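Okay, structure first, notes after.
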Amino acid sequence: MSTQSNVLNNEDLQRRLLFTLFCVAIFRFGIHVPTPGVEIEVVRRFFEQQGGLFGIFNTFTGGALNQFSVFALGIMPYISSSIIFQLLTSMVPYLESLKKEGEQGRKKIQMYTRWGTILLAVVQAYALSNMLIGKEVNGQALFRAQVGVIPFQLMTVLTLTTGTCFVMWLGEQISEKGLGEGASVIIFAGIAAGIPKGAVSLWNLISSGQMSGLIGLGLLVFMLIVLGAIIYFEIAQRRIPIHMSQKGGAAQMMGNYLPLKVNLCGVLPPIFAFAILQFPSTIATFSQAAWVQGLQQYFAPSGALFNIFFIALVTFFSFFYTELMYPPDEMSDNLKKAGKFIPGIRAGKSTAHYIQTVMGRLNVAGAIYLSIICLMPTFLISQAAIPFYFGGTSLLILVGVSLQLIEKINAYRYEAMIKAAQRPRRTRRVSF
């Protein structure tokens, strides 16, 4: 039976899929709702001239920043707040104890994350509005000084913070009632919505003679190769064989294995890295000091310092998130409780150490892979002068989230099959 027919026959899966599409549609609609007081066309031309980190941020927001819509900050403040509290959970005893309390503790940490999102949204919204002050495009102001009786900066802070809170709520609803992880799905939707525009831009460059057809074809082939490499590394696994202990001291190979992906963290490390690297640009809007502006220039996406910090952050989050989500001690205990063991490795601490060693090697390979994929387009833009519309990070998110959605769909299909098999069958009575 095909995947399409399985989806159509699974009512719970249908409901989750339709709910996810509905939330994505609301998000896409909100992108086109402008912030009050903004001259839309003038602001769009201003941000199109900026490029750099603003271009990357605009891609993550699905084009909302270019239009300075109510969703201009997108889901990024929520992601930044999540990073902060995940780090604090490992360092602050109070948050660490909350994590061990189970569901109630998780809800409290989630509440703190939401408050952190609001705080970051206020800071970033004020920074954006402060950046627009005094800016003009061809003699035209970017905004009106006041919206009614409310100053533009106050209106911007209120509007963008409210928009971020609504996007955060949409993401949480998708995670709970839809398919996939909400924040990733929203970023995926924004990037996917830019594919038609990117294709049209490439065609216009070729048709106008600004790019030869041969270079355009080579660019498409190169993108397909990168896409194939991403798919390969996202599904690649290191399979550790598992044996099952039997009574009487004998051991039997059950055909089981412990699968560990080469890229254990998926798309999260580069997203987290970009979320942190936007802080220098945010801070620079509060000060006109020469050293602050110089720092902002150093942290431009084409700068060496940006790339060094990006690689360092991707590597850090690869190890940190793996340790957080796949603790070796817990995996070792689960194997021991199930009566399973790794051949040649003693149960307990030796198994945990072995698993941690394997994951450490995989994390090194995964961090190298993520860094190359994400930084290669920046190199092409700066060194080869190629207008690479879709960066490696965009392709990585598109492929990674797509594979996650496929896994979710397969999991719900499998769950439905188990429930159907356990459901008692009705026997038809035959009367004579």
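Residue separation of A193 and E323 scaled by 0.36 nm, minus their Cα-Cα distance, works out to 43.4 nm of gained length.
For region 214-224, putting each phi into the Karplus relation 6.51 cos²θ - 1.76 cosθ + 1.60 with θ = phi - 60° gives couplings of 5, 5, x, 5, x, 5, 5, 4, 4, 5, 5 Hz, in residue order, rounded to whole numbers and with x for Gly and Pro. Listed cross-link partners K107/K408; K108/K349; K100/K336 are compared with a 25 Å cut-off, the Cα-Cα value being larger for K108/K349.
Note on Q237 and C165: the model spin-label points, each 7 Å out from Cα along the C-beta direction, lie 4.4 nm apart. In this structure, the amide hydrogen of N256, modeled 1.01 Å from its nitrogen in the peptide plane, lies closer than 5 angstrom to those of I242, counting only residues at least 5 positions away or on a different chain.
Shape call for region 1-193 from the C-alpha gyration tensor, a ≥ b ≥ c root eigenvalues: rounded (a/c under 1.5), prolate (a/b greater than b/c) or oblate? Judged from the Cα gyration tensor, region 1-193 comes out oblate (a/c at least 1.5, b/c at or above a/b).
Ordered by the number of other Cβ atoms lying within 10 Å of each residue's own Cβ, fewest first, T35, T89 fall into the sequence T89, T35. Amide H to amide H, with H built 1.01 Å from N, Y326 comes under 5 Å of no residue 5 or more places away or on another chain. Karplus-derived 3J(HN,Hα) values for region 57-62, using 6.51 cos²θ - 1.76 cosθ + 1.60 with θ = phi - 60°, are 4, 5, 5, 5, 8, x Hz; glycine and proline are entered as x.
Assuming R0 = 51 Å, what is the FRET efficiency of F279 and F19, from their Cβ-Cβ distance, to the nearest 0.05?
Efficiency, rounded to the nearest 0.05: 0.90.
In sequence order, region 96-106 has phi-based couplings of 5, 5, 5, 4, 7, 7, x, 4, 5, x, 4 Hz under the Karplus curve 6.51 cos²θ - 1.76 cosθ + 1.60, θ = phi - 60°, and Gly or Pro positions carry x. Taking other Cβ atoms within 10 Å as a rough exposure proxy, E48, E103 sort from fewest to most as E103, E48. Taking amide H positions as modeled 1.01 Å from N, with prolines and chain starts lacking one, the residues under 5 Å from K261 and 5 or more places away or on another chain are R238. Across region 144-188, the mean sequence separation of Cα contacts (distance under 8 Å, 6 or more residues apart), normalised by length, yields a relative contact order of 21 percent. Between N334 and S207, the simple spin-label model (points 7 angstrom out along Cα→Cβ) gives 5.3 nm.
What does the convex hull of the alpha-carbon atoms of region 158-213 project to on average, in nm²?
Taking a quarter of the hull surface, the average projection is 5.7 nm².
The V33 and S350 beta-carbon pair, evaluated with R₀ = 60 Å, returns a calculated FRET efficiency of approximately 0.55.
Laboratory data are not the source of any read-out in this text; all were calculated from the coordinates shown. These numbers come from a predicted model, not from an experiment. Positions of Cβ are backbone-derived with ideal geometry, glycine not excepted, and every protein chain shown enters the neighbour counts.
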